[in-house]
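Colleague: This is the structure, below, for whatever I ask next.
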Amino acid sequence: MSTTSLRPAIDRATCTALDESDPLAPMRERFVLPDGVIYLDGNSLGVLPRHTAAHVQRVITEEWGTGLIRSWNDAGWFAKPRTVGDRIAPLIGADAGEVVLGDSTSASLFQATVAAVRLRPGRRVIVAERGNFPTDLYMLEAVQELLGGGTPLERRLISDDGPTLDDVLDEHVAVVVLTQVDYRTGRMHDMAEVTRKVHAAGALVVWDLCHSAGAVPIDLNGADADFAVGCTYKYLNGGPGSPSFIWAATRHHDAARPALTGWHGHARPFDFTVDYAPAPGIERFRVGTPQLLSVAGLEASLDIWDDVDMEAVREKSLRLTELFMSLVDTRLTPHWGIEPVTPRESVRRGSQVSLRHEDGYAVMQALIERGVIGDFRAPDLIRFGFTPLYTSYADVWDAVDVLEDVLRTEIWREPRFARRGTVT
Ligand SMILES: Cc1ncc(COP(=O)(O)O)c(C=O)c1O
């Protein structure tokens, strides 16, 4: 759908008509959406699937309460990081046996990047993006220090304003670490094209998929990528603190030496040998005891994803984001200057739209008070995540209505909206 095709006749009835013909609309019933809330922050924390509580309850009472230690074998606890990884695989263009659950994305990025750098001995440069989520850059500092042999590895930062990837790639680059969909702007990289350039320079690529897993179709193997990590608490709805995942291309499994060599990544953990021997395949990226209650939350949400066609998700996601931007363009920008910073070109856009406003924090707090939940990223961006499984077209219309009112009345200027919580 083009922006112009939506513009002429758009009104709330158009949106409800789109909902009526939306093949994904029935999915909304599978989630718990609180009354009076339009939730546009699934890019930060996904909504609770309706059957998660019962599933987690069952794991607690039956598998833990009754099964006790037997559940490590009987309920497949020990294998969970791999078996649940196999259920994530189709969502990211990976094969079975290529994905394993990790701890946090930060820890998994460290785990994967150390393995990647070690596969390019003698090369002393890591390329990253200035706009990467900061934890990625912080973890890379540790990698630079750890693998530098006394002098930290060099870091080269690229950005949309330059220097570009082409500017910094050369024969010294070991690894390029990029986030596919930018957490601030929603701008999406062309994974296949970037990976091709990185490989042409003889380097490897590590993708952070936090804002793309469950948001856009991903084809890691099709793109010939090397490593990837991501979280499961955003678009995948695994719940607060649900585990990260690590993917490594099969061709790297045997040679990969991850940073952390815990017993769950050992070839024979229950031999309890003194020396470490890496497990074959992706399981060598495991570290210690998995957080099984969090894994249970993720399993419940994957029951929904098992039934979802990512192409349908993408189609609706683009329509939702385009509708939102079109309404902002026509109803808000001419009066209050607020405008999208997210790319208009659909191939360059994830599933969120960010608007720039000088007092964005206060504007978002005023929106949240009125039941429209998005979030704020300093210094001046308000973010809206569009999650096709439970966001309707009418939600988009209603959210713009509320935003228009917040801007027109300038209620956001009231002092209570300026007080900052720890999490923005
Ligand atoms: C792109 C990206 N990478 C990493 C993280 C942080 O991940 P974690 O807190 O799971 O370590 C986030 C969090 O929002 C993120 O957006």
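Colleague: Can you name the helices (runs of 4 or more DSSP H) wholly within the range 33-138 that have at least 3 residues being hydrophobic (A, V, I, L, M, F, W, C) and within 16 Å of the ligand (Cβ to nearest atom)? Outline the logic, then answer.
Modeller: Numbers: elements: 52-58, 71-74, 80-88, 105-118.
Correct list: 105-118.
Colleague: Which residues, counting only those in the range 228-266, are of a type outside the set (Gly, Ala, Ser), in a strand (DSSP E or B) and in contact with a Leu (Cβ under 7 Å, 6 or more places away or on another chain)?
Modeller: Hits for the range 228-266 are Val229, Phe245, Trp247.
Colleague: Further question: Give just the number: which of (1) part of a loop (DSSP other than H, G, I, E, B); (2) without any contact (Cβ under 8 Å) to a residue 40 or more places away in the chain; (3) buried (at least 22 other Cβ atoms within 10 Å of the Cβ) does Leu355 not satisfy?
Modeller: Against the list (1) part of a loop (DSSP other than H, G, I, E, B); (2) without any contact (Cβ under 8 Å) to a residue 40 or more places away in the chain; (3) buried (at least 22 other Cβ atoms within 10 Å of the Cβ), Leu355 comes up short only on (1).
Colleague: Does Val177 satisfy the condition of being assigned to a strand (DSSP E or B), assigned by TED's automatic domain parsing to the domain that holds Gly241 and within 16 Å of the ligand (Cβ to nearest atom)?
Modeller: yes
Colleague: Quick check on Gly202: is it assigned to a loop (DSSP other than H, G, I, E, B) and more than 27 Å from Ile282 (Cβ to Cβ)?
Modeller: Against the criterion (assigned to a loop (DSSP other than H, G, I, E, B) and more than 27 Å from Ile282 (Cβ to Cβ)), Gly202 does not qualify.
The values are calculated or read from the model by the stated rules, or taken from the named source; none is laboratory data. Please read these numbers as outputs of a predicted model, since none were measured by experiment. In this analysis, Cβ positions are derived from the backbone assuming ideal geometry, glycine residues included, and neighbour counts consider all displayed protein chains.
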